[in-house]
1. Counting other beta carbons within 10 Å of each residue's own, what order do TRP115, TRP32, TRP40 fall into, fewest first?
2. Send over the Kirkwood Rh of the chain, from the inverse of the averaged 1/r over different Cα pairs, rounded to one decimal Å.
3. What does the charge dipole of the chain about its Cα centre add up to, to the nearest 20 debye, if the Cβ of each Lys and Arg holds +1 and the Cβ of each Asp and Glu holds -1?
4. How high is the relative contact order of the chain, given as a whole-number percent (alpha carbon pairs under 8 Å, six or more residues apart)?
5. Tell me the label-point distance for the pair THR83, ASP149, using the 7 Å Cα-to-Cβ offset, in nm and rounded to one decimal.
6. Under the rule of at least 5 residues apart or a separate chain, name every residue whose amide H is placed under 5 Å from the amide H of LEU68.
7. Give the relative contact order (percent, whole number) for the range 69-122; include only Cα pairs under 8 Å separated by 6+ residues.
8. Rounded to whole Hz and in sequence order, give me ³J(HN,Hα) for the range 113-122 from the Karplus expression 6.51 cos²θ - 1.76 cosθ + 1.60, θ = phi - 60°, writing x for Gly and Pro.
Amino acid sequence: MLRILLLAWAALVAGAAPSAAAPAVGCEGFLWPLATEIAWMKATDSETVATGASLPAPPNDKAVTLGLKPAAEVTLPATPTKTPKPGDDKTFAGVVTFENIPQGHYQVTLSAHAWIDVVQNGKALEATGHTGSSDCQFVRKSVRFEVADGPVAVQIYGSAATSMKFTIRPAAD
């Protein structure tokens, strides 16, 4: 009887707790503020680069549009953390390196569906959080990472499109 009561209590507590992974609705309800990212994604100007590019630092006032190539043609700086799926070879990928990023907590936000890793010292960093919406026309997801001083590579793969708009900036709460 005690076991049944404990199980019922655990189910009640679990059901009452909000889901941290619950997707946003439209462009509202993300787990952290994305108004700046949405504005940058809506803007017609962005820093346009080809895969393999290296920039001194991320732009501090606009998105980056990264030209992607067929995934098989791109050498990524680290093994992707995404579990391989059938059809991955028919998607697009790309990478851009930022040579000088100060230590801190950053959020990388994508305009469309794809996988993202932030790489430092040849290793993909573990994400500290993520939020997303499949029905926001400007932002698909935002992922946070803790980075050290120095170069950082942003690798994007699994995209159905040949380019991807993204932002990278210090995490905003």
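No value in this document is a laboratory result; all are computed from the given coordinates. The structure presented is a predicted model; accordingly, all values stated were derived computationally and were not measured. Positions of Cβ are backbone-derived with ideal geometry, glycine not excepted, and every protein chain shown enters the neighbour counts.
1. TRP32, TRP115, TRP40
2. Every distinct Cα pair counted, the radius reaches 17.1 Å.
3. It works out to roughly 440 debye.
4. 29
5. 4.0
6. Placed amide hydrogens put SER163, MET164 under 5 Å from LEU68.
7. The normalised contact order for the range 69-122 reaches 47 percent.
8. 5, 5, 9, 9, 10, 10, 10, 9, 6, x
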